[in-house]
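Structure record follows, encoded as structure tokens.
The values are calculated or read from the model by the stated rules, or taken from the named source; none is laboratory data. All values reported here derive from a predicted model rather than from experimental measurement. Cβ placement follows ideal geometry from the backbone for every residue including glycine, while neighbour counts extend to all protein chains displayed.
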Amino acid sequence: MMDADQTLKRAVNGDINAFQALFADFQNQLKSYLYRLVTDRNDAEDLTHDTFVRAFDKIGTFRGESSLKTWVFQIATHLAYNHLRQYKRWQPDAQDRAKALALSNQEVYDAIIQAGRAAGEGAYDMREHIDFCFTCISKTLPIEGQVALILKEVYDFTVREVSQIIGQTEGVIKHLLLDSRKTMTTVFEHRCALINKEGVCHQCSELNGVHNPKQNQQEALMKLELVKESAKYDKEALFELRVRLVKNMDPLRSRGAELQDVIMKCTRQAIGEIERMN
């Protein structure tokens, strides 16, 4: 603790090496958080760099009213807000539109297939695509709701810390969390075919069939605790299972990250957020 306190003191006094050492402790987590918000690797990388520069530039104003990590995440979140102003909230059918694009556009389809081949046999993991799906559905929320939910549920910030990051009262944060969970739970309940047989989306299992043709699809499905528990059909408990799964995923560093990133670009093109994947 003494060493950490001394490193923080040196950082606040302008020692960039000390600040870099502290920043490195949560840099990967910060970058994955930003990716979940902006859904673009290069943008997440740029925002992480900009956060470092902005935070070090302002480090003399840090008063220790929160942890340094919370303070840095606050800076990163404000930068992400500014970046996201140019984009609209996603609709729940974004993945349906991505599937339609991939099936109608040979260039897009080939890019997805090639990414899967480049990743190697077995690189496609249904759990990773469920994480991808969680990100897509979270982007249907108002930005503050998305941020509050991801910070609290995925990155384990307290309500107080989320309040400091977003700049809202704890009461507002609690309301955002309740509303966001309710919205996402409802969307999953109606869309996810893993949970509800009447759900319209089974993209994760379809892609498993494409990228893991030798794997028995039913066997893959039954390995997922989410599917096993779906028979009980407690939507709140199912949401908790999703959160537990997402917590254990890094969308930038998982084995199938390259493939999922291509699918994300396909989704962004399908909804008109970008003109082309490349």
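Observations, loosely collected:
- Leading residue by the ranking (farthest from the chain's Cα centre (by Cα)) among those in segment 90-105 that are without any contact (Cβ under 8 Å) to a residue 60 or more places away in the chain and in a helix (DSSP H, G or I): S104
- Boolean, N13 is at pLDDT 95 or above and out of contact with any His (no Cβ under 8 Å at 6 or more places or on another chain): no
- Options K223, K235; residue that is at pLDDT below 85, assigned by TED's automatic domain parsing to the domain that holds A111, touching a helix residue (DSSP H, G or I) at 6+ places or on another chain (Cβ under 6 Å) and charged (D, E, K, R): K235
- If the condition is being basic (K, R) and buried (at least 18 other Cβ atoms within 10 Å of the Cβ), then segment 242-263 contributes only R242.
- Only helices (runs of 4 or more DSSP H) whose full extent lies in segment 1-89 are considered here, and the ones with at least 3 residues that are surrounded by 18 or more Cβ atoms within 10 Å (Cβ to Cβ) and within 20 Å of the chain's Cα centre (by Cα) are 27-38, 41-58, 68-84.
- For segment 110-127, a residue qualifies if it is touching a residue at least 40 places away in the same chain (Cβ under 8 Å) and in a helix (DSSP H, G or I), and the qualifying residues are A111, I112, I113, A115, G116, A118, A119, M126, R127.
- Condition met for L176 (under 18 Å from the mean Cα position of the chain (by Cα), more than 30 Å from L103 (Cβ to Cβ) and aliphatic (A, V, I, L, M)): yes
- Filter result for the condition that a residue is aliphatic (A, V, I, L, M) and either in contact with a Pro (Cβ under 7 Å, 6 or more places away or on another chain) or not assigned by TED's automatic domain parsing to the domain that holds E153 (or both), over I130, I75, I112: I75
- Meeting the requirement of 3 or more residues that are buried (at least 19 other Cβ atoms within 10 Å of the Cβ), the helices (runs of 4 or more DSSP H) wholly within segment 128-241 are 143-149, 159-166, 170-191, 203-211.
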